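Here the structure comes first, spelled out in structure tokens, and everything after it is commentary.
Read the figures in this text as sums done on the coordinates, not as results from a lab. Remember, it's a predicted structure, so these values are computed and weren't measured experimentally. All Cβ positions, glycine included, derive from the backbone under ideal geometry; neighbour counts span all protein chains shown.
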Ligand code: C2E
Ligand code: MG
Ligand code: MG
């Protein structure tokens with residue numbers, strides 16, 4: 001069925017039925033031109049089927065359906081349906097009539113054939129909108145009751161008023177323009193508010209189109225009430241405005257599956273983060289997170305987004321300029337009509353300031369106001385963590401209690417202000433010596449506590465604590481007065497001395513009391529075994545480095561006597577450390593440390609230099625052919641250019657190389673025999689004497705030693721101790737005999753008794769050294785003895 005629109009054949013007739021206008025559709029249908037039709041009547045054109053036929057007036061056909069035949073120009077008769085409608089709705093004032101002619105017939109029912117059956121009046125009145133027809137003067141020709149209601153006017157009031165007066169003054173020009181547009185271009189659309197007689201305002205969407213009623217051009221249209229839409233729009237606008245103006249940053253993201261991309265951010269977001277919408281649109285908002293920071297919070301956000309749920313977290317994000325900020329973040333899903341989540345709205349609240357304030361409060365609650373150090377609360381927290389950390393990582397941690405030795409005295413005699421200065425200075429020194437990850441706390445008037453993390457050995461802890469002790473013991477200038485605080489320190493190690501906060505604290509406290517009881521300005525460990533170890537270590541380590549410069553090192557000279565003549569032929573230089581606090585210390589207590597630390601090299605050089613100095617001064621006294629021997633350690637011997645330096649030393653003091661003897665031990669030679677042989681060879685070339693010290697204590701045999709260019713061997717004193725006992729006597733005898741067979745002079749050391757002396761003489765030993773004749777002497781003492789020519793008697 002072809003429903004293509006046919007142009008509607010409509011013409012206008014006056015009250016007498018005379019045809020006044022004739023449209024093109026009429027022309028097409030009936031074959032007459034408009035000019036041909038002018039003046040003809042309805043009855044001329046249509047043969048009505050009803051009885052009244054040609055005689056019936058046009059008024060009689062209003063609102064009734066009449067069938068008839070259209071008499072066409074070519075003589076055809078086309079069955080038609082005729083509808084007559086008055087152009088004026090006022091029955092009192094009849095005007096012209098519109099006559100609509102629609103062909104009938106089963107063969108071509110058209111849309112218009114259906115339309116012509118419609119009760120137009122009823123439809124217009126039943127429309128869910130206002131309907132109107134306006135003529136070119138801007139007045140209403142036709143309207144429905146909906147318009148009357150909107151205007152709060154009775155129907156008789158309407159035709160007299162120009163439509164523009166139904167609108168706000170400011171709108172009127174616009175309204176007129178829109179009507180003119182419709183006349184000119186065929187259609188127009190606009191939104192406007194109709195204002196009722198009593199002030200009611202209703203928003204309408206007007207859509208009008210040009211048409212004509214007969215020859216009368218007009219505009220008809222509908223007005224759709226859009227008040228509620230307008231209200232909704234307004235609400236949205238207000239909300240949009242609110243989002244825009246919000247002080248909180250707002251981010252709207254669009255989510256699809258796993259993706260979540262930024263669609264909108266408000267100006268506050270730009271202000272807070274520094275990013276503009278254009279820079280970050282389409283990005284995942286996680287670009288602001290800090291990797292590895294607030295991991296728990298980040299996870300919660302992720303999970304909430306995956307589950308399409310709301311979430312609130314406080315976490316750190318980073319601004320465009322790299323600065324951190326605390327973000328009190330709330331994220332809510334937005335669902336569409338189907339309940340599906342399409343977007344998330346995130347509100348970012350920059351709480352950095354508040355956090356700082358919170359931090360400040362937290363700081364106040366956890367720190368000592370005078371020094372800014374941690375207080376007892378924080379200390380316990382940190383200690384707990386440190387103990388757990390140490391246990392987990394198999395590291396040593398330490399807790400040190402410090403008590404200023406004379407603080408009460410400072411406070412009482414110099415006043416509290418000076419006391420405060422000392423406390424603050426102490427705090428600063430403690431902090432300066434500790435690492436960031438360690439804790440320095442003040443827990444009482446002059447009590448400080450340190451939590452030291454991950455240390456390798458107790459010695460390491462001891463070094464650190466010792467450094468701290470020394471730094472506290474340097475004078476503080478307070479108010480023009482010099483105050484020397486001094487501190488007693490107690491140290492507990494964890495987990496060794498305890499695995500709970502309580503136990504470790506008690507241990508450190510006990511150690512501190514011990515330190516105090518031992519006198520001031522010292523440090524004690526909780527475990528006594530550790531104390532021994534650590535103190536030894538500290539003693540040596542502490543100031544060995546400075547000992548040479550401080551002239552704390554001295555050489556003792558132990559005479560060597562020729563067993564045949566009884567004359568002093570030489571002396572062994574033996575090193576002593578005249579420690580400012582611990583007095584004179586023998587080499588056994590510091591040589592091993594010097595070897596470990598490499599200090600033996602400068603120390604050894606000093607010894608050689610000093611010995612050469614002594615030789616020089618003996619020569620000056622006229623004592624010739626006197627040999628001073630010095631002990632060498634392995635590290636010295638391995639020192640590059642050792643031989644050259646030795647030569648320089650001899651040269652500088654103008655000493656003949658044969659006056660200097662170097663003592664090396666068996667183990668030193670056997671460690672790297674090739675290397676030793678090479679160095680000894682060069683030393684021999686230089687002209688110095690070489691002897692093997694402590695002979696018999698190693699595992700080498702004399703034949704092995706043959707390979708080395710040595711001059712003397714020294715029998716270790718342990719063999720003389722038991723000269724009375726057979727075994728030792730045999731060894732001593734054998735060494736002497738073997739030495740002689742290798743053309744080496746044999747020296748016995750550690751000779752303490754006459755019995756030993758006799759034994760050595762009996763077995764033809766060459767020289768002796770020992771307390772029986774003399775202990776080590778000062779250079780002065782040695783010179784005295786030599787000038788007096790003291791001899792071994794008997
Ligand atoms: P050493 O070279 O065997 O020195 C002999 C040690 O025996 C010295 O001990 C000396 O005081 C001690 N002594 C001497 N006569 C007697 C005695 O009649 N009875 C007893 N019981 N002991 C006696 P000291 O001075 O304690 O030296 C110990 C070791 O330290 C030395 O053993 C030497 O190996 C080393 N040493 C000393 N001075 C130096 C040095 O300047 N450089 C190096 N590298 N080592 C040195
Ligand atoms: Mg020696
Ligand atoms: Mg020896």
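Judged by the mean number of other Cβ atoms found within 10 Å, the most tightly packed of the peptides 282-295, 452-465 leads the ranking 452-465, 282-295.
The ranking of 585, 512 from fewest to most other beta carbons within 10 Å of each one's beta carbon is 585, 512. Across region 547-787, the mean sequence separation of Cα contacts (distance under 8 Å, 6 or more residues apart), normalised by length, yields a relative contact order of 20 percent.
By other beta-carbon atoms within 10 Å, ranking 516, 408, 714, 743 with the fewest at the front produces 743, 408, 516, 714.
I need the shape label for region 578-711. Rule: rounded when a/c is under 1.5, else prolate if a/b > b/c, else oblate, with a, b, c from the alpha carbon gyration tensor. Oblate. Computed over the chain, the range of Cα coordinates on each principal axis works out to 187, 67, 46 Å, biggest value leading.
Relative contact order for the chain: 5 percent, from Cα pairs under 8 Å spaced at least 6 residues apart, divided by residue count. Given region 445-521, what whole percent of its Cα pairs are spread farther than 18 Å? That fraction is 47 percent.
Among 443, 449, 484, 251, rank each residue by its count of other Cβ atoms within 10 Å, from fewest to most, as a rough exposure measure.
Details: 443 18, 449 27, 484 14, 251 22.
Going from least to most buried by this count: 484, 443, 251, 449.
Specify the inter-centroid distance of region 304-353 and region 611-689, based on alpha-carbon positions, in whole Å. Answer, in whole Å: 80.
On a 0 to 90° scale, report how tilted helix 352-366 is relative to the longest principal axis of the chain, with both axes built from alpha carbons and the result rounded to the nearest 10. For 352-366 against the chain, the angle is about 30 degrees. Antiparallel beta bridges, as assigned by DSSP with both residues in region 547-787, represent about 40 percent of the total such bridges.
When only alpha carbons of region 246-355 are considered, Rg and Dmax amount to 13.2, 41 Å.
Decide, for region 367-526, between rounded, prolate and oblate: order the square roots of the alpha carbon gyration tensor eigenvalues as a ≥ b ≥ c, take rounded if a/c falls under 1.5, and otherwise choose prolate if a/b is larger than b/c, else oblate. Don't skip to the answer; put the middle values down first.
Details: a/c = 2.00, a/b = 1.71, b/c = 1.17.
It comes out prolate by the Cα gyration axes.
Highest mean packing first, where packing is the average number of other Cβ atoms within 10 Å per residue, the peptides 311-320, 324-333 line up as 324-333, 311-320.
For helix 376-393, what angle does its Cα long axis make with the longest principal axis of the chain, in degrees from 0 to 90 and rounded to 10? Compared with the principal axis, the helix lies near 80 degrees. Taking the average, over residues, of other Cβ atoms within 10 Å as the packing measure, peptides 138-147, 772-781 rank 138-147, 772-781 from highest down. Using C-alpha pairs below 8 Å separated by at least 6 residues, the relative contact order for region 439-594 is 14 percent. May I ask for the angle, rounded to the nearest 10°, between helix 501-517 and the longest principal axis of the chain, with both axes built from Cα atoms and the value confined to 0 to 90°? Once rounded, one gets 40 degrees. Adding -39500 (n - 2.57) for every DSSP H run of four residues or longer, then dividing by how many residues the chain holds, sets the calculated 222 nm ellipticity at -11500 deg cm²/dmol. What does the C-alpha gyration tensor say about the overall shape of region 120-230? Classify as rounded when a/c is under 1.5, otherwise prolate if a/b is larger than b/c, or oblate. In terms of gyration-tensor shape, rounded.
Full-extension gain between residue 409 and residue 484, please, as 0.36 nm times their residue separation minus the C-alpha to C-alpha distance. Each step should come with its number before you reach the end.
Numbers: separation 75, 0.36 × 75 = 27.00 nm, distance 1.13 nm.
Gain on extension, residue 409 to residue 484, equals 25.9 nm.
For the pair region 416-438 and region 198-268, the centres of their Cα atoms are 68 angstrom apart.
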